[in-house]
Amino acid sequence: MTSPPQHLTLPEFCESRYETSGLYDGLESVLHAISSGAYALEKQIRNGNLAGILGTTGEVNIQGEIVQQLDAISSDTFVQEFKDSGRVAMVGCEEIEHPVSFGETEKHNYIVLMDPLDGSSNIDVAVSIGSIFGIWKRDQQKALNAESLLRPGIEQVAAAYVVYGSCTVLVIATEGNVDEFTMDPATGMFHLTSTDIKYPDKTPYYSVNDGNTARWTNGIVQAVDGLRNGRSQRYIGSLVADFHRNLIKGGVFLYTADTKNIDGRLRLMYEANPLGYVSVQAGGEVSDGIQNILEITPHELHQRAPLILGNKELVKKIREAIKSS
Ligand code: P6P
């Protein structure tokens, strides 16, 4: 990871990094939609109770979870931004049962699958939360519908996430590149602050909900016991914040299957695939305990998956311990 000599703005970075044609044609518009939505959302998040937007809407989403007001606001914000971008054909969203389509012109050549607000249980207690995006190219030879979204994560062409934390950071991954931008709260502009991010060799942290121990197999218990030696347990309860710390400082995150969450708790398309893509581009690995998550062909848009992601060696050790049980 290096600190760039000058803090390029996101538009300047896109102009320098992505050609105006080829694989990333129009990606700058998708990334602008993410940064613009993140700025709008960040202002509301920072106002918290003053904005009267905390607490629930009283509704239950497709995941069977009580919808927080900010869940609905974040979903609406990013759906509108992607529609306005003119480059996104369809958005799949954790909060919305069916994907939203915006158009099938030749310019609408991207698909986005998103968790617009990750960490909902932390919204009302001023703890870091985030937004997660998987970015795909539309197969213009195929009909555009929910079925056409059921592709393995390895077909993503980019992924991005935002952490609304002590500062607001946007991390963007494309093939072989992971770069971090930090938002200037005065202007809402994102500036390049770290480039060519790779997982450190050292792994001072591991992230797991120890409260689930009674629900694990013996293999998972052994895997977690093996992580405890010489490491600190850091678990925020917001996947994207735990992921970002482990990426920058070194470590691994796991939320495996257990007797309550037999398919795992986290979503394949909206959380595991995008963050798994970032992890791999940063020299890490992502597994469901058996296989590379990015090679899973989904059968259902909202399906869940056990998730182990981060430092390559640690992911391998955890997978071996799980298999040994
Ligand atoms: P638990 C937040 O609701 C979330 O989806 C992830 O961001 C987080 O890692 C996980 O659930 C926390 O789950 O069961 O530990 O509270």
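The values are calculated or read from the model by the stated rules, or taken from the named source; none is laboratory data. Given the structure is predicted, the values throughout are model-derived calculations rather than measurements. Note: ideal-geometry Cβ built from the backbone for every residue, glycine included; neighbour counts use all protein chains shown.
Summary table below
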{"item": "Where Leu254 falls short, out of the listed (1) farther than 23 Å from Gln303 by Cα; (2) within 12 Å of the ligand (Cβ to nearest atom)", "result": "(1)"}
{"item": "Hey, His302 modelled with pLDDT of 95 or more and surrounded by fewer than 23 Cβ atoms within 10 Å (Cβ to Cβ) or not", "result": "yes"}
{"item": "Test: Glu94 is in contact with a strand residue (DSSP E or B) (Cβ under 8 Å, 6 or more places away or on another chain) and surrounded by fewer than 18 Cβ atoms within 10 Å (Cβ to Cβ)", "result": "no"}
{"item": "Close pairs from the stretch 1-18: first part of a loop (DSSP other than H, G, I, E, B), partner at pLDDT 95 or above and exposed (fewer than 14 other Cβ atoms within 10 Å of the Cβ), Cβ under 8 Å, at least 6 apart", "result": "Met1/Asp196; Met1/Lys198"}
{"item": "Of all residues making up the stretch 220-242, the number that are more than 14 Å from the ligand (Cβ to nearest atom), among the β-branched types (Val, Ile, Thr) and buried (at least 16 other Cβ atoms within 10 Å of the Cβ)", "result": "1"}
{"item": "Residues (assigned to a strand (DSSP E or B) and touching a helix residue (DSSP H, G or I) at 6+ places or on another chain (Cβ under 7 Å)) located in the stretch 270-306", "result": "Glu285, Val286, Ser287, Arg304, Ala305"}
{"item": "Restricting the stretch 187-219 to residues that are of a type in the set (A, V, I, L, M, F, W, C) and buried (at least 19 other Cβ atoms within 10 Å of the Cβ), the residue that is farthest from the chain's Cα centre (by Cα)", "result": "Trp216"}
{"item": "Residues of the stretch 45-54 that turn out to be more than 23 Å from the chain's Cα centre (by Cα) and under 16 Å from Ser128 (Cα atoms), as a count", "result": "2"}
